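What follows is a single structure, written as C-alpha cells, with notes after it.
The values are calculated or read from the model by the stated rules, or taken from the named source; none is laboratory data. For clarity, every value in this text was computed on a predicted model and none was experimentally measured. Positions of Cβ are generated from backbone atoms using ideal geometry, with glycine treated the same way; all protein chains shown enter the neighbour counts.
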Amino acid sequence: MINWKAVIGGAITTVLMVIIIDLIYVLFASLLASYGNGYPWIAAIKDDLWFYSALSVYCFSMTLGGMVTIYFDDERKAINAFVVGILASMTSVWSMAPANTEFNTMSLVFLVLGVAASTLGGIWAIHKGKGDRADYLTE
C-alpha cells in the first residue's frame, strides 16, 4: 500500500533537492563557460559536457529523493520511492519543456532515468537500513 504521507513529503523534498542541486550545477556550468572560451578543446565538447553533467546531477538528486522518501515511510516500501520518482520526474520534465512543444525522446529519457534513480535510491536506503544482504533477502 502506498503511504501518501511519505509520497508527499518525499516529492516535496525531492523537488527542493533538485532545485538546490541544479543551482549548484548552474554555477559550475557558468564557470565552465567563462573559463572554457580560452581553451578550444573545452569549447568543442562544451555542449555534450553540459548535457551529461546535467543528466548526472539530475539522477543524483532523484536518488537522494528516493532515499529520503524511504525515511519518511515507517514500512520502508520501495513503491513509495517509485511513485515519488514518477511525480518528481513528471514535474521536472514538464517545467523544462517550453509552452507549445511536444515531449520528445530526451524528455522520455529524463523521465525514465529519474524514476529509475529514485527507485534505486529507495531500494538502497531499504537495503542500508536492513543491514546484511542475507537479512534483506530472507525477510
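Yes/no per residue for (1) in contact (Cβ under 8 Å) with a residue 40 or more places away in the chain; (2) in a helix (DSSP H, G or I); (3) in contact with a strand residue (DSSP E or B) (Cβ under 6 Å, 6 or more places away or on another chain); (4) at positive phi:
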{"position": "Thr14", "(1), (2), (3), (4)": "yes, yes, no, no"}
{"position": "Val18", "(1), (2), (3), (4)": "yes, yes, no, no"}
{"position": "Trp50", "(1), (2), (3), (4)": "no, yes, no, no"}
{"position": "Glu75", "(1), (2), (3), (4)": "yes, no, no, no"}
{"position": "Val93", "(1), (2), (3), (4)": "no, yes, no, no"}
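Scanning segment 21-48 for residues that are surrounded by 13 or more Cβ atoms within 10 Å (Cβ to Cβ) and either without any contact (Cβ under 8 Å) to a residue 12 or more places away in the chain or under 13 Å from the mean Cα position of the chain (by Cα) (or both) yields a count of 4. The residues of segment 1-20 that are more than 15 Å from Asn80 (Cα to Cα) and either of a type in the set (Gly, Ala, Ser) or surrounded by fewer than 16 Cβ atoms within 10 Å (Cβ to Cβ) (or both), listed by number, are Leu16, Ile19, Ile20.
Looking at segment 91-122, which of the residues that are surrounded by fewer than 17 Cβ atoms within 10 Å (Cβ to Cβ) and either at pLDDT 90 or above or among the small types (Gly, Ala, Ser) (or both) is farthest from Ile79 (Cα to Cα)? Only one residue tops the list, namely Ala99.
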